[in-house]
Amino acid sequence: MIAAEATDSDFELGQVELSDWAEGTEAYHQLSIPDMARIFALPTERMPFFNDKIDMIGNDEPWSEAGRQALKSRHADPLEPFWHQWVTMVKISDNLMVARNLFIWDGVGVGKTMQAIAGICSYEWLKMRQGTPEGLPLRFSKPPFSSPDGADQRPTEKTPMGGMNTLFSGDHKYGMLIFDEVHNARKVGPVQVASAELVRHARMSIGMTATP
């Protein structure tokens, strides 16, 4: 809880030594894109629910008729997420299973928005797989699972919460909370207080910024 009389100085960390910081994805360096597609039991080497093509010159919504036609035209380019974007999708899902939050601190223009969307799509893909005879992909169907209080918690198919279903049981309205430009919540104020409250309702939280 944030005290009403708290000031910015109460949250100053001083100089933070970064020389010993790691990327956070060292365990994934040996994985190829085909490997990561297999981790999610995807039918193709394409991120779940992503289009095959992207129209770089048009302004039509891709779900409109004009947009669909544009994606079929010769001007459309292949939509091919980079290796680091695939890795982030796997990392998000791994952290989701153990209720561990995540920062994405890639620089401007590296593709943080696509990484966040990939995380959302992978979450929905896992929910869909959970309701099939095949069930969750092997990587996500075995322990360890945990909840924020440390208790073992397996994914469950039915978690009614305000008319929504999350992948896990418990008092979570949201599977994941994604906060773009999360540095805006550093200072004491309404944004920080609202963010802290939202975090309590999500199994995991993802903060994105190029300005840590």
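Go through segment 121-137 residue by residue and tally those that are of a type outside the set (A, V, I, L, M), in a loop (DSSP other than H, G, I, E, B) and open to solvent by 10 Å² or more (accessible area, probe 1.4 Å).
Step one: list which residues in segment 121-137 are of a type outside the set (A, V, I, L, M), which gives 121-125, 127, 129-135, 137.
This time we only want the ones that are in a loop (DSSP other than H, G, I, E, B), so: 131-135, 137.
Now restrict to residues that are open to solvent by 10 Å² or more (accessible area, probe 1.4 Å): 131-135.
So the count comes out to 5.
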Exercise. Cβ-Cβ below 9 Å, separation at least six or inter-chain, first residue in segment 21-44 and within 21 Å of residue 141 (Cα to Cα), second of a type in the set (Ser, Thr, Tyr): which pairs?
Worked result: 36/28; 37/44; 39/93; 40/93; 40/122
Seminar exercise, completed: Of the conditions (1) out of contact with any Lys or Arg (no Cβ under 8 Å at 6 or more places or on another chain); (2) modelled with pLDDT under 85; (3) aromatic (Phe, Trp, Tyr), the single one that residue 179 does not satisfy is (2)
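Give the residues of segment 48-97 that are of a type in the set (Gly, Ala, Ser) and part of a helix (DSSP H, G or I), sorted by residue number.
Of everything in segment 48-97, those that are of a type in the set (Gly, Ala, Ser) and part of a helix (DSSP H, G or I) turn out to be 66, 67, 70, 93.
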Exercise. Among the candidates 41, 22, which residue alone is of a type in the set (Gly, Ala, Ser), at pLDDT 90 or above and part of a loop (DSSP other than H, G, I, E, B)?
Worked result: 41
Seminar exercise, completed: The lone condition residue 142 fails out of (1) in a loop (DSSP other than H, G, I, E, B); (2) in contact with a helix residue (DSSP H, G or I) (Cβ under 7 Å, 6 or more places away or on another chain); (3) modelled with pLDDT of 65 or more is (2)
Exercise. Across segment 174-211, which residue is farthest from residue 100 (Cα to Cα) among those that are open to solvent by 30 Å² or more (accessible area, probe 1.4 Å) and in contact with a His (Cβ under 7 Å, 6 or more places away or on another chain)?
Worked result: 211
Exercise. Of all residues in segment 70-120, which are open to solvent by 80 Å² or more (accessible area, probe 1.4 Å) and over 17 Å from residue 181 (Cα atoms)?
Worked result: 72, 74, 75, 80, 82, 83, 100, 120
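The values are calculated or read from the model by the stated rules, or taken from the named source; none is laboratory data. It should be emphasised that the depicted structure is a prediction, and the values quoted were computed from it without experimental measurement. We place every Cβ from the backbone using ideal geometry, glycine too, and count neighbours over all the protein chains shown. Protein only, heavy atoms only, side chains kept; ligands, DNA and RNA dropped before computing areas. Shrake-Rupley method; radii C 1.70, N 1.55, O 1.52, S 1.80 Å.
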